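Notes for the one structure printed next.
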Amino acid sequence: MKVLAAMSGGVDSAVAAARAAEAGHDVTGIHLALSRNPASYRSGARGCCTIEDANDARRAADVIGIPFYVWDLSDRFHDDVVEDFMAEYAAGRTPNPCLRCNEKIKFAAVLDRALGLGFDAVATGHYAQLRTGADGLIEMHRAVDDGKDQSYVLGVLDQEQLRHALFPLGGSTKSDVRAEAAERGLLVADKPDSHDICFVADGDTPGWLREKLGDRAPNQGGAILDEAGVELGRHDGTYGFTIGQRKGLRLGVPAPDGKPRFVLDIEPVAGTVTVGPRERLAVHGLTAIRPRWCGTPPARLDGPGVTVQLRAHGDEHRATVTVVDGTVEVELLDPAYGIAPGQAAVIYDGTRVVGSATIVSTSRAPLESRVSPVTR
């Protein structure tokens, strides 16, 4: 099988490419140039897609003994991922750019080009497992390493994309992958994993948004209010906040109860940020749209194995899921905290990924006490 191995310059993608080649596939390595102005060096474990990363990927391909190319997808990445990220924050929502990148870049733009060039599959270093179900469909399951499982950010993949995907690391632990990389003589064996958002290399998302949005920002500041509408402080732009945030609020008036305050609501048009106690962040239900199903779309899912994951490294929440006319309604059997519109709800049945949808509203009232939906 002809396999295109996406090589980021890290240890995971290098070992994934090596395993694909060792399995007898005809492997070609590619590095995706996603930044229009790549830096020469990473800042520790922050960011990726630097010139250094491209060179690390090339050296790994040389050690493995496979051809290697660099594909410039920076314009596509900017349009589909970066612009979407800025627009979502400007609208008071909290996006996940990794899901968008997997959906629009790695398993859309790259896979489409790969198939057009005669390749059969794209291999990546993601930690997830693929199995063929009794119905012949390809199922995606969680990785064996719970700490590295990346099925959440792959929940946007549909059946056609899964049929052309390879995840060689899904059955391994991270420590085993690093040890294998060292045994293979790959210089990236001890390279730190990248964290945070790859195109915000210094980790300062509000500062990055302030610079990039400029005049497109919905506001340049406003009031931080409590739930009674009393002004507690000022801010420099609603795009710098997300639901559930505690740090960086700069409240000038202490809470009467002495408890910390968290962001409860963001209103970009009014330019206000509302804060309150943590218990007001409890979410018991949510509505999501634009579902993407890994297999056959369900009408309803319930039972002890049905869970929803709401953050890339968050806990699973037992849930009941109902799908009507493309809208996904989720009742959480145990509350989640700090869930924001724009985030992805990835649905599982046991270890199997059912699909993903984008949250548009949340309900803070338990089902038994709910009279009408109270969103966000």
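The values are calculated or read from the model by the stated rules, or taken from the named source; none is laboratory data. Just so we're clear, the structure is a prediction, and the values are computed from it rather than from any experiment. Note that each Cβ is placed from the backbone with ideal geometry, even for glycine, and that neighbours are counted across all protein chains shown.
Looking only at residues that are of a type in the set (Asp, Glu) and more than 19 Å from the chain's Cα centre (by Cα) in the stretch 130-149, which one is farthest from Thr307 (Cα to Cα)? Give the steps one after another, and end with the answer.
Keep residues of the stretch 130-149 that are of a type in the set (Asp, Glu), which gives 135, 139, 145-146, 149.
So of that shortlist, the ones also more than 19 Å from the chain's Cα centre (by Cα) come out as 135, 139.
Values: Asp135: 22, Glu139: 16 Å.
Going through the qualifying residues, I end up with Asp135.
Applying the criterion of being loosely packed, with under 15 Cβ neighbours inside 10 Å and among the aliphatic types (A, V, I, L, M) to the residues of the stretch 207-249, the residue that is nearest to Ala336 (Cα to Cα) is Ala228.
A Cβ distance below 6 Å, combined with a sequence gap of six or more or placement on separate chains, defines the contacts here; from the stretch 16-28, residues that are farther than 11 Å from Ala121 by Cβ reach residues that are assigned to a helix (DSSP H, G or I) and modelled with pLDDT of 95 or more in the pairs Ala17/Ile64; Ala18/Ile64; Ala21/Ile64.
Residues that are touching a strand residue (DSSP E or B) at 6+ places or on another chain (Cβ under 8 Å) and modelled with pLDDT under 70 within the stretch 29-78 comprise Ala45, Arg46, Cys49, listed in sequence order.
Counting only strands (runs of 3 or more DSSP E) that sit completely within the stretch 274-368, those holding 2 or more residues that are under 23 Å from Arg100 (Cα atoms) and out of contact with any His (no Cβ under 7 Å at 6 or more places or on another chain) correspond to 282-293, 316-324, 327-337, 344-349, 352-363.
Counting only strands (runs of 3 or more DSSP E) that fall entirely inside the stretch 115-190 and contain at least 1 residues that are farther than 23 Å from Ala14 by Cβ and not assigned by TED's automatic domain parsing to the domain that holds Ala312, the qualifying elements are 128-132, 138-142.
Among residues of the stretch 104-125 that are touching a residue at least 40 places away in the same chain (Cβ under 8 Å), those with a beta-carbon under 7 Å from a residue that is part of a helix (DSSP H, G or I) and of a type in the set (Gly, Ala, Ser) at least six positions away or on a different chain give the pairs Val122/Ala114; Ala123/Ala16; Ala123/Ala17; Ala123/Ala20; Thr124/Ser13; Thr124/Ala16; Gly125/Ser13; Gly125/Ala16. For the residues Asp149, Asp120, the requirement of being modelled with pLDDT of 95 or more and surrounded by 21 or more Cβ atoms within 10 Å (Cβ to Cβ) singles out Asp149.
Asn102 satisfies every condition listed in (1) more than 13 Å from the chain's Cα centre (by Cα); (2) buried (at least 22 other Cβ atoms within 10 Å of the Cβ) except (1).
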